[in-house]
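Asker: So that we are looking at the same thing, I have put the structure below in structure tokens.
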Amino acid sequence: MARNAENTFPKWLHYFDTINSTNNYAMKLIDDGLAQEGEVIWAANQTEGKGQRGKRWENSAENIMMSLIIKPTLPPDKQFGLSMAVAITIAKYLQNIFDGWQVAIKWPNDIYLNDKKTCGILIENVFKGMHWSHAVIGMGINVNQKIFPSELSNATSLAICAHKTFDLLEIITDIRSGLMNTLRTVSTATQTQLLSDYNAFLFRRNKEQRFLEKKTTRYFDAFVQEVNERGQLLLLTHKGIESYEFGELEWVF
């Protein structure tokens with residue numbers, strides 16, 4: 001049930017007590033020609049919440065599950081530029097919320113606080129011919145949840161890290177504003193700076209990390225080096241520098 005009719009939220013915000021997926025709703029708005037740039041879909045509960053690679057995002061009304069509709073200004077072959085801009089914006093925002101937080105971007109675009117996952121990002125794109133018409137930026141942010149299931153031992157929340165409770169609507173408003181401002185200035189010319197900022201936040205950079213190579217089911221240890229302009233993760237292994245595409249590796253903790 002949508003609650004916009006109660007006039008409790010800004011016009012750009014669609015709130016639902018329960019929905020199948022905020023990304024699905026945003027994509028339907030686009031398909032029906034009703035989407036406006038800057039619209040946000042926010043749900044207290046998702047029955048089919050989407051994570052990366054088909055995984056489901058953990059549900060909790062204490063957290064934020066939202067999708068932002070934008071019209072990208074980058075050419076279609078610069079999709080990783082959008083991914084970088086989104087991750088950097090959220091990382092910088094969290095960095096400014098609370099002194100002492102260690103904020104990092106785990107390639108390609110999970111946000112970690114104090115070495116634990118607190119935000120997942122899923123971007124879905126809409127193309128019309130060769131034109132990149134829309135993107136839906138889906139975000140799951142652990143905000144006020146204090147207890148996580150045992151299988152999510154690598155998860156944390158803003159409340160756990162800050163020892164305080166946060167206002168969800170305030171965070172949504174801030175993140176929307178930050179992303180809209182950032183994405184207005186993103187262009188092909190800003191890619192070098194984006195990549196530099198992204199690598200400055202890169203999780204486990206210059207540290208040894210265990211990985212699973214999905215194609216061969218091989219476990220191996222490597223030093224995380226950087227991400228290149230193609231969005232590949234560069235690792236220093238016993239063979240030298242090796243590059244990996246998104247989806248080819250799993251981080252092992």
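Coordinate-derived values only; no laboratory data. Quick caveat, the model's predicted, so the values are computed rather than measured. Glycine gets a Cβ as well: all are built from the backbone with ideal geometry, and neighbour counts include every protein chain shown.
Asker: Which value, in debye to the nearest 20, gives the size of the charge dipole of the chain about its Cα centre, when Lys and Arg are +1 and Asp and Glu are -1 at the Cβ? Spell out each step's value before the answer.
Answerer: Values: 27 positive and 28 negative charges, 63 e Å.
So the dipole magnitude of the chain works out to roughly 300 debye.
Asker: Additional query: When DSSP beta bridges are limited to those with both residues in the chain, what percentage is antiparallel, rounded to the nearest 5?
Answerer: Details: 49 of 58 bridges.
Taking every DSSP beta bridge with both residues in the chain, the antiparallel ones total about 85 percent.
Asker: Another question about this same structure. Answer rounded, prolate or oblate for region 49-167, using the Cα gyration tensor with square roots of eigenvalues a ≥ b ≥ c: rounded when a/c is under 1.5, else prolate when a/b is larger than b/c, else oblate. Intermediate values should be presented prior to the final figure.
Answerer: Working: a/c = 2.27, a/b = 1.76, b/c = 1.29.
Prolate, since a/c reaches 1.5 and a/b exceeds b/c.
Asker: Find the relative contact order for the chain and round it to a whole percent, using C-alpha pairs within less than 8 Å whose residues are 6+ positions apart. List each step's numbers first, then the result.
Answerer: Values: 487 pairs, mean separation 38.7, N = 253.
Relative contact order here is 15 percent.
Asker: OK, next. Whole Å is fine, so just give me how far the alpha carbon centre of region 213-251 lies from that of region 11-27.
Answerer: Cα centres, region 213-251 to region 11-27: 35 Å.
Asker: Given only helices, namely DSSP H runs of n ≥ 4 each adding -39500 (n - 2.57), what is the per-residue ellipticity at 222 nm of the chain, to the nearest 500 deg cm²/dmol? Walk me through the numbers before you get to the answer.
Answerer: Values: 5 runs with 62 residues, N = 253.
For the chain, the value works out to -7500 deg cm²/dmol.
Asker: In nm, what is the difference between 0.36 nm times the number of residues separating residue 164 and residue 217 and their Cα-Cα distance? Don't jump to the answer; show the numbers that get you there.
Answerer: Details: separation 53, 0.36 × 53 = 19.08 nm, distance 4.14 nm.
Working it through step by step, the gained length comes to 14.9 nm.
Asker: Sticking with this structure for a sec: Could you give me the ³J(HN,Hα) list for region 214-224, computed from phi with Karplus coefficients 6.51, -1.76, 1.60 and θ = phi - 60°, whole Hz, x at Gly and Pro?
Answerer: Once rounded to whole Hz, the list reads 5, 5, 9, 6, 8, 8, 8, 9, 8, 8, 6.
Asker: Sticking with this structure for a sec: Contour minus end-to-end for residue 73 and residue 188, with contour as 0.36 nm per residue of separation and end-to-end as the Cα-Cα distance?
Answerer: Stretched out fully, the residue 73 to residue 188 stretch lengthens by 40.5 nm.
Asker: Set the bar at 27 Å for Cα to Cα. Now go through 117/207; 71/215; 78/116; 207/239 and name every pair that lies beyond it.
Answerer: On the way: 117/207 18 Å; 71/215 35 Å; 78/116 29 Å; 207/239 17 Å.
As for pairs spanning more than 27 Å Cα to Cα, those are 71/215; 78/116.
Asker: Moving to a separate point now. Relative to the longest principal axis of the C-alpha atoms of the chain, give the angle of the C-alpha long axis of helix 168-185, reported between 0 and 90° and rounded to the nearest 10°.
Answerer: 70
Asker: What FRET efficiency do you get for residue 208 and residue 174 if R0 is 35 Å and r is their Cβ-Cβ distance, rounded to the nearest 0.05? Please list the in-between numbers first.
Answerer: Details: r = 35 Å, r/R0 = 1.01.
So the FRET efficiency works out to roughly 0.50.
Asker: With volume of the Cα convex hull per residue in Å³ in mind, check (i) 135; (ii) 111; (iii) 152 and report the label derived from this structure.
Answerer: (i)
Asker: Shape of region 115-244 from its Cα gyration tensor (a ≥ b ≥ c, root eigenvalues): rounded if a/c is under 1.5, otherwise prolate when a/b > b/c, or oblate?
Answerer: Details: a/c = 1.85, a/b = 1.11, b/c = 1.66.
Taking the square roots of the gyration eigenvalues as a ≥ b ≥ c, region 115-244 is oblate.
Asker: Now, a different point. If I fit a long axis through the Cα atoms of helix 191-200 and take the longest principal axis of the Cα atoms of the chain, what angle between them do I get, 0 to 90°, rounded to 10?
Answerer: That helix lies at roughly 70 degrees to the long axis.
Asker: Kirkwood hydrodynamic radius (Cα pairs, Å) of region 208-252? Show your work: numbers first, answer last.
Answerer: Values: mean 1/r = 0.0951 Å⁻¹.
Its Kirkwood hydrodynamic radius stands at 10.5 Å.
Asker: Using mean Cβ contacts within 10 Å as the protection proxy, how do 130-140, 72-82, 144-154 order, highest first? Walk me through the intermediate numbers first.
Answerer: Details: 130-140: 20.4, 72-82: 17.6, 144-154: 12.0.
Final packing ranking: 130-140, 72-82, 144-154.
Asker: If you fit an axis through the alpha-carbon atoms of helix 22-31 and take the longest principal axis of the Cα set of the chain, what angle between them do you get, 0 to 90°, nearest 10?
Answerer: 70
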